[in-house]
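Colleague: Following this message is one structure expressed as structure tokens.
The values are calculated or read from the model by the stated rules, or taken from the named source; none is laboratory data. Note that the structure is a prediction, hence the values are computed from the model and not measured. Cβ coordinates were reconstructed from backbone atoms using ideal geometry, including for glycine residues, and neighbour counts include every protein chain displayed. Side chains are part of the model used for accessible areas, which takes the heavy atoms of the whole protein and leaves out ligands, DNA and RNA. Shrake-Rupley method; radii C 1.70, N 1.55, O 1.52, S 1.80 Å.
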Amino acid sequence: MRFRFDALCETATAVPDYLALTERFNTLVLDGVPPLAEASADGRQRFVNLVDVACDRDARLILIGSDPLTSLPDGQALTRDLDRTTSRLAMLRRTK
């Protein structure tokens, strides 16, 4: 199923919403993914949550857009989560 980043990460969604999506769909396509520096703090957190859920549920997550993990300034919220998110995105890249 295809979603826009704005619709899935920049609106009032939460982990239970992502869990429900992965129950229904084994592949999620996230289009319009900006560099995380351009997303709101809530959007960045929701993106991290979505990656966590996709990884935990072994769902396929396809990202379309700019490299989300570039250009995040030091001291920006979520910098501590970026290593984990980067690792989890690498895990999702593996061939199934």
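Colleague: Considering only protein heavy atoms and a probe of 1.4 Å, how much of the accessible area of region 1-55 is carbon and sulfur, as a whole percent? Let's see the in-between values first.
Modeller: On the way: 1300 of 2520 Å².
Answer for region 1-55 is 52 percent, counting heavy atoms of protein chains only.
Colleague: Going by amide H atoms built from the backbone, whose H comes under 5 Å of the H on Val29, apart from near neighbours?
Modeller: For Val29, whose amide H was placed from the backbone, the distant partners under 5 Å are Arg2, Phe3, Ile62.
Colleague: Just how large is the dipole of region 1-45 about the Cα centre, in debye to the nearest 20, putting +1 at every Lys and Arg Cβ and -1 at every Asp and Glu Cβ? Numbers along the way, then the final one.
Modeller: Working: 4 positive and 7 negative charges, 29 e Å.
Computed about the Cα centre, the dipole is about 140 debye.
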